[in-house]
Every structure is written in structure tokens, then in C-alpha cells.
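Here, each number is a calculation from the coordinates, and none is a lab measurement. This structure is a prediction, so every number in the text was calculated from the model and none was measured. Note that each Cβ is placed from the backbone with ideal geometry, even for glycine, and that neighbours are counted across all protein chains shown.
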Amino acid sequence: MGGAFAAEGLSKRYGSTEALRSVSLELTDGEVVALLGPNGAGKSTLAKIACGLVRPSAGRAWVAGAPAGSREARGAVGYLAELFRFPGWITADELLRLHQRLTASDGGAGERARLLELVGLEQATATRVAAMSKGMQQRLGIAQAMVGEPRLLLLDEPTSALDPAGRRVVRRLLDRLRSRGVSVLLSSHLLGEVELVCDRVAILVDGEIVERGTPASLTRPRGVEIETGSGARRFEGATREDVPAIVAGLVGEGERIYGVNVLASTLEDAYLVAVGEEPQ
């Protein structure tokens, strides 16, 4: 199977619990895909299968064309778990050096410096983990996942501990990775961030993908709101294409037009519908 990642009919059962149910998903080179879903939906199980930590009960998965879990596949994947912990006494440079040894990376000091710069920690080379903020540790975790130049990155809640500036650093980083052909499969509950950075979205519920597509394709029109001299007027069901006729009709009635807002549902609305909740 070509591409950075492919899953075909993946299922995983833990005793009587079915964590994944015939999941199929592909990532092309340089694609950033978000895996969304409530806690327990199967997101972490899919990521662990991709990096060889868990074997599927049925179906197959490939990383960079090699069977998931094989030596070739493990060498092509980088992983950051949601709940990770680095020793407090280790410095940023020492941590990356350790992971270079674990991955047999020959990037040396140049790779370590480049990765710390990519995540905005170039001034923290000698800083110990215990002295870092939670956001700094999160960015260091992303750096270690990129040791060895993996073709596929698996990131579980990569921006959960970051402030707005830190999230912007990660967004820029994902854009740079995309331009270099690195694929990213990330899990996140920050749907606003997902809309900004992801090419596609897959929503998991009870181990099944129930919705997939681009963030824009999952939204739905919610009408048009026109700001007039007599107040805001909303036209339910109208779309962008209806705006000229609506404005012309209002002007013909003697209204002054001060603004037009085409309303659409958000990715959050689409997510809530997919998981069986009612959006506000």
C-alpha cells in the first residue's frame, strides 16, 4: 500500500470490548488528518496499531508501504502520546540525543538544534525538563517525535497544554512538515485548531468512522444575515448564491445595506451531530 499510512478493515477487540470496527483510512504524503471522537472512541488504539504497539484483531495497516509494526514501519513513524512524562533531570538536548540513539538517527547535533528551533525551544538546549513549563514540555515532546525524520507523525492532543502563542508555533510547524511531504495523523479536542491546520477530518464513534471529509465539506449553510438601516434581518436557508437577489430586493424596498454575513455551521456543530449531540 502506498502513501504514508493506510488501514484496511481494522478491528480491535479487548475481551468483550470492541475498540475498533472495520476502520479504513489513508493518508497521502504531506497530508494532515485529524482523528476526532469522544473519549473511548478508538483514536488511541488506531494510533498504537500504526506504531506497532498494538496488534489488530482483524484487518491490516501499513506505514510507508510496510506492514505496521515491522522494523521498516517503526523506522518511518514518530509518536507523541497524550500522557507522556520525561525525566525531570534530563535537558532538552540530552532527551533528543537519547531518542537519536533509540531510533538509530545519525543526525547528530545539527538535527537536535534544528528540531529545537522548529518547536521554538532553541534557547532551551541546556534547560532541564523539571524547569520547563507544561507548554515547553509539550513542544519538546513534538521535537522528540520528529527525531530521525519520520514519514508519518502520530500526535495525540499536541496543542492541549499550549497557550495561543504555542499553538501558533505548532500550526506553523505543521505547515512546514506538510511542505516537506511529512504526513500527520493527530487527535485533538480543539476543533478550532483542527479547522485551521487539517486537510481532512475523520470522526470516530464507538470504534467506527461515522463521518469524514475536509473541514469545509462537513459544515452546512445556516442562512444569511443582512445588517440594514432598520436592524439585522436573517434569511434562513439562504446561501451565498442568494445574496445578490436578497440585497437587490431589500434595496428595492428602500433599505440601506451596511453588511452581509453568510452563516454556516462550524466543525464543532458537525462533530456534535456525528456523535449524537444537539448543537446549540
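Over the stretch 221-264, the fraction of Cα-Cα pairs per 5 Å bin, rounded to whole percents and listed from the shortest bin up, is 6, 26, 36, 22, 9, 1. Summarising the amide proton neighbourhood of F5: residues at separation of 5 or more, or on other chains, whose placed amide H is nearer than 5 Å comprise L27, A64. Set the Cα radius of gyration of the chain against 2.2 N^0.38 Å, with N its number of residues, and you get 1.20. Tally the DSSP beta bridges in the chain and give the antiparallel ones as a percent, rounded to 5. So the antiparallel bridges in the chain amount to around 65 percent.
Across the chain, the longest run free of exposed loop sites, meaning trypsin sites (Lys or Arg not before Pro) lying outside DSSP classes H, G, I, E and B with no more than 14 other Cβ atoms within 10 Å, spans 86-179. With 23 Å as the cut-off, how large is the P(r) tail for the stretch 1-159, expressed as percent of Cα-Cα pairs? Result for the distance tail: 41 percent. Helical content alone sets the calculated 222 nm signal of the chain at -9000 deg cm²/dmol, taking -39,500 (n - 2.57) per DSSP H segment of four or more residues and averaging over every residue. Quick one: longest stretch of the chain between exposed loop chymotrypsin sites (Phe, Trp or Tyr not before Pro), exposed meaning at most 15 other C-beta atoms within 10 Å and loop per DSSP? Looking at the chain, 90-280 is the longest stretch - no exposed chymotrypsin sites (Phe, Trp or Tyr not before Pro) with at most 15 other Cβ atoms within 10 Å. The local environment of A19, defined by Cβ-Cβ distances under 13 Å, has a net charge of +3 under the rule Lys, Arg +1 and Asp, Glu -1. For R55 and D29, the FRET efficiency from 1/(1 + (r/R0)^6), where r spans their Cβ atoms and R0 equals 25 Å, is about 0.45.
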